Amino acid sequence: MRFSEARRRMVVALAREHGVRCERVLRALLEVPRHLFVDEALWPRAYADDALPIGHGQTISKPSTVARMTEALGPGPEDRVLEVGTGSGYQAAVLGRLAGRVYTVERIAALAVRARGVLNRVGAVHVVVRPGDGALGWPGEGPFHGILVAAAADRPPRPLLEQLVVGGRLVIPVAGAGGQELRRVVREGEDAWREEVLEACRFVPLVSGAGQGTR
Ligand code: SAH
């Protein structure tokens with residue numbers, strides 16, 4: 001099967017089986033060649049709804065997770081968006097089709113370098129990748145209209161809450177006693193944040209501090 005046909009089927013399943021409604025999000029997933037973000041040996045599985053290994057003990061998130069988180073974030077065409085946990089770069093590429101500018105931070109330098117290469121290859125020119133601790137945000141480039149965290153934290157990191165514009169949204173998996181849940185935090189004022197729980201989820205942990213091989 002050609003990859004474009006596999007991608008079309010994936011998007012139909014996201015709408016039918018996973019309740020993804022936003023046409024802009026579905027179109028972005030139709031356009032981004034997910035197979036290029038994994039090893040060639042995994043290409044036959046690139047359009048199934050699975051997380052896949054990307055090395056360094058990390059995974060590319062499932063398409064349904066990427067779609068639902070992107071929908072929850074709701075990036076507009078002029079928005080500045082920060083992603084924490086670049087991994088393969090796939091989620092960043094999807095955000096790049098929807099937002100004005102995307103900044104993404106990855107603690108494992110080798111993954112950041114690889115992601116940058118693939119993002120260039122797919123023409124995601126307004127997606128900027130940087131190695132480092134994303135729990136600190138990207139102070140020089142903020143504030144952001146949206147922040148998406150692709151790793152589970154114990155609580156939303158303060159620097160990320162502070163780097164939201166008023167009206168901005170943070171979508172983040174939070175680890176609790178009963179497992180992880182996906183939350184959305186909306187900054188409602190200078191000192192006001194409203195938090196809502198979206199659904200159960202499963203992510204690798206957000207690791208703070210300098211990472212393996214990071215600069
Ligand atoms: N969005 C990715 C999925 C990444 S998995 C994709 O589309 O492929 C989560 C990633 O978060 C891993 O690569 C992990 O190294 C990274 N990570 C964990 N803690 C981090 C931190 N504090 N700062 C930046 N990246 C972090």
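The values are calculated or read from the model by the stated rules, or taken from the named source; none is laboratory data. Remember, predicted model here, so these are calculated numbers, not experimental data. Every residue, glycine as well, gets a Cβ built from its backbone with ideal geometry; the counts of neighbours run over all protein chains shown. Just so you know, the surface numbers come from the protein's heavy atoms only, side chains and all, with ligands and any DNA or RNA stripped out. Shrake-Rupley method; radii C 1.70, N 1.55, O 1.52, S 1.80 Å.
Return the only residue of V81, V128, V113 being assigned to a strand (DSSP E or B) and open to solvent by 20 Å² or more (accessible area, probe 1.4 Å).
V128
A residue that is touching a residue at least 24 places away in the same chain (Cβ under 8 Å), surrounded by fewer than 21 Cβ atoms within 10 Å (Cβ to Cβ) and assigned to a helix (DSSP H, G or I) occurs nowhere in region 205-215.
With A6, A67 as the choices, which residue is out of contact with any Lys or Arg (no Cβ under 6 Å at 6 or more places or on another chain), open to solvent by less than 10 Å² (accessible area, probe 1.4 Å) and part of a helix (DSSP H, G or I)? Going through A6, A67 in turn, the sole match is A67. Looking across region 9-41, the residues that are open to solvent by less than 30 Å² (accessible area, probe 1.4 Å), within 21 Å of V113 (Cα to Cα) and assigned to a helix (DSSP H, G or I) come down to R34, H35, F37. A Cβ distance below 9 Å, combined with a sequence gap of six or more or placement on separate chains, defines the contacts here; from region 76-92, residues that are under 17 Å from R169 (Cα atoms) and among the polar types (S, T, N, Q) reach residues that are open to solvent by less than 10 Å² (accessible area, probe 1.4 Å) and more than 6 Å from the ligand (Cβ to nearest atom) in the pairs Q91/V66; Q91/M69; Q91/T70; Q91/E83; Q91/T104; Q91/L148. For S88, the conditions (1) within 13 Å of the ligand (Cβ to nearest atom); (2) out of contact with any Ser or Thr (no Cβ under 7 Å at 6 or more places or on another chain); (3) open to solvent by 30 Å² or more (accessible area, probe 1.4 Å) all hold with the exception of (3).
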